[in-house]
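The block underneath contains the structure these notes are about, expressed in structure tokens.
The values are calculated or read from the model by the stated rules, or taken from the named source; none is laboratory data. Only a predicted model underlies this, so the values are computations on that prediction, with no experimental measurement involved. Methodologically, a virtual Cβ is constructed for each residue, glycine included, from the backbone with ideal geometry; neighbour enumeration extends over all protein chains shown. Side chains are part of the model used for accessible areas, which takes the heavy atoms of the whole protein and leaves out ligands, DNA and RNA. Shrake-Rupley method; radii C 1.70, N 1.55, O 1.52, S 1.80 Å.
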Amino acid sequence: MTNMIEYVVIIIAIISAIIALMQNDLLKAAILTGISGACVAFLFEWLLAPDVALTQAIVEAAIVPVFIALAVQKTKRVDD
């Protein structure tokens with residue numbers, strides 16, 4: 001049962017990363033990047049590496065999607 005949880009989280013991380021690469025909407029890609037980062041952070045916590053999991057959760061699941069969303073918002077094209 002415990003190995004099954006790991007496999008499910010790994011599959012979710014891989015699928016969300018692949019879908020993020022195929023997105024045309026950058027905000028959706030930012031959200032999917034955060035999902036894959038949160039899954040990887042969960043896996044690090046599951047493997048008893050709490051310091052790495054905390055860093056992963058802060059950087060990949062929180063900061064990177066926010067920076068991508070802010071960059072998309074600041075660089076929207078204005079049609080005249």
query = Using +1 on the beta carbon of Lys and Arg, -1 on that of Asp and Glu, and nothing else charged, what's the dipole of the chain about the Cα centre, debye to 20?
reply = 200 debye
message = Tell me the per residue accessible area of the chain using a 1.4 Å probe; a whole number in Å² is fine.
response = 74 Å²
Prolate/oblate/rounded label for the stretch 34-75 (Cα gyration tensor, a/c 1.5) = prolate
query = Arranged from highest to lowest average of other beta-carbon atoms within 10 Å per residue, in what order do the peptides 53-65, 6-18, 32-44 appear?
reply = 32-44, 53-65, 6-18
query = For the chain, list the DSSP H helices whose alpha carbon atoms reach 18 Å or more along the long axis and whose average Kyte-Doolittle value is -1.0 or above?
reply = 2-22, 26-46
message = Ignoring everything except DSSP H segments at least 4 long, calculate the 222 nm mean residue ellipticity for the chain; use -39,500 (n - 2.57) per segment, divide by total residues, nearest 500.
response = -25500 deg cm²/dmol
task = May I ask you to give the percent of accessible area on the chain that is carbon plus sulfur, with a probe radius of 1.4 Å?
result = 71 percent
